[in-house]
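Remarks on the structure that follows.
The numbers here are math on the coordinates, done by the rules we state, and not lab data. Fair warning: this is a prediction, and the values are worked out from it, not measured in the lab. Don't worry about glycine lacking a Cβ; one is built from the backbone with ideal geometry, like all the others, and counts go over all protein chains shown.
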Ligand code: G4F
């Protein structure tokens, strides 16, 4: 039975990936912060359905010793390094801690594997934010990186570290350059979940408005459940390589709003307020991915399209709202 260690297992991607690996017969281990183990109800909520089938280990991206210990004890065949400070806006507020978690954390994971389990394969979660304001659209593996945030810089450094460990030590390390991927498990700070959770609360009469920043920003949004399949596929290839993973279709924040509001019979223009507080010091205006290589070499393709994703997220937030207010329970 293959053994996998997932850092960031409590997050959106970590939870989908853990479910996928379990379904493929893996023994799944996750690295979580000690506080998460102490507050399991909230912090492990995404793992609810699989909690008794995975093994959690306490550790932190800030501690080489804890990562090394976990890798040495588990002796994984595959490590998926997903843990990070992943909110771009916050990286402008505290670039120092973003660099510590995302750069040192990645370095610690790579070095732990090199020392304690050198034959283990490693997946590094790169990001389309590394492209920033790229000189071409769509972006592929050859496009020049031009990050526009401390987060993008930190991910680019992690990507270069991964490449260097692959070349210098012959390790099997792949970076996935994933474009935006969303789901009902997305954190509320990201624009898609912010929109769908507000739409549900507006529809259910709890609030009136949705304050947003740049409505013109354009992103290539896919479904996280589709994207974690690509992570696993990369580590099953004969040689380690980096891949862009994206739907190839991009939409503006405004288009996301239009679709989300209209799905529940509302007009977005009656509720969305542009609030300059949500603008970023430096914006990435457009990201659209060209995942030809992943489609050709991995045989990967997404199942959920943009409209399906928006509907899935709004429906889940509507259901959550009804359940919280008791309507859902009464209806059952
Ligand atoms: O949802 P976002 O915060 O995601 P962003 O910055 O594109 O980054 C996400 O995707 C990356 C690529 O996969 C990941 F690496 C990263 O970790 C994260 O998951 O913002 C999307 C766009 C931005 O252009 C932002 O300026 O939406 C715009 N936006 C407009 N109003 C807003 C808001 N973003 C947020 N979070 N909140 C707003 O009110």
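Hey, in the GNM for the chain with a 10 angstrom Cα cutoff, which one of 21, 287, 67 fluctuates hardest?
21
How high is the FRET efficiency from residue 72 to residue 282, r the C-beta distance, R0 25 Å, rounded to 0.05?
0.05
Taking neighbour Cβ counts within 10 Å as the exposure measure, how do 81, 42 sort from fewest upward?
Starting with the residue having the fewest Cβ neighbours, the order is 42, 81.
Using 0.36 nm per residue, how much length does the chain from residue 51 to residue 146 gain when fully extended, once their Cα-Cα distance is taken away?
Extending this stretch completely gives an extra 30.2 nm.
Mind ordering 31-38, 144-151, 50-57 by average Cβ neighbours within 10 Å, highest first?
144-151, 31-38, 50-57
Does anyone have the angle between helix 105-116 and the longest principal axis of the chain? Alpha-carbon axes, 0 to 90°, nearest 10?
30 degrees
Picking from 196, 239, 292, which is most flexible by a Gaussian network model of the chain using Cα springs under 10 Å?
Maximum fluctuation in the GNM of the chain, among the listed residues, is at 239.
For the stretch 214-332, what is the convex hull volume of its Cα atoms per residue in Å³?
Looking at the stretch 214-332, the number lands at 154 Å³ per residue.
For the residue pair residue 34 and residue 208, what label-to-label distance in nm results when each label sits 7 Å from Cα along the Cα-to-beta-carbon direction?
4.8 nm
Taking the Cα atoms of the stretch 1-128, what is the range of coordinates along each of the three principal axes, in descending order and whole Å?
For the stretch 1-128, the Cα extents along the three principal axes come out at 42, 35, 30 Å.
Using the beta-carbon distance between residue 119 and residue 307 and R0 = 56 Å, what value does 1/(1 + (r/R0)^6) give for FRET efficiency, to the nearest 0.05?
0.80
Compute the long axis of helix 306-325 from its Cα atoms, compare it with the longest principal axis of the Cα atoms of the chain, and write down the angle in degrees, 0 to 90, nearest 10.
70 degrees
Could you work out the relative contact order of the chain, using alpha carbon pairs under 8 angstrom and six or more residues apart, expressed as a whole percent?
In percent, rounded to a whole number, it is 17.
Would you calculate the separation in nanometres between label points at residue 324 and residue 90, each defined as 7 Å from the Cα along the Cα-to-beta-carbon direction?
Using points 7 Å along Cα→Cβ, the separation is 1.9 nm.
Residue 62 versus residue 292, label points 7 Å from Cα toward the beta carbon: distance in nm?
4.5 nm
If I fit a long axis through the Cα atoms of helix 64-74 and take the longest principal axis of the Cα atoms of the chain, what angle between them do I get, 0 to 90°, rounded to 10?
Helix 64-74 and the main axis of the chain meet at about 80 degrees.
Where the Cα atoms of the chain are projected onto their three principal axes, how long is each span, largest first, in whole Å?
Principal extents (largest minus smallest coordinate, Cα): 57, 49, 39 Å.
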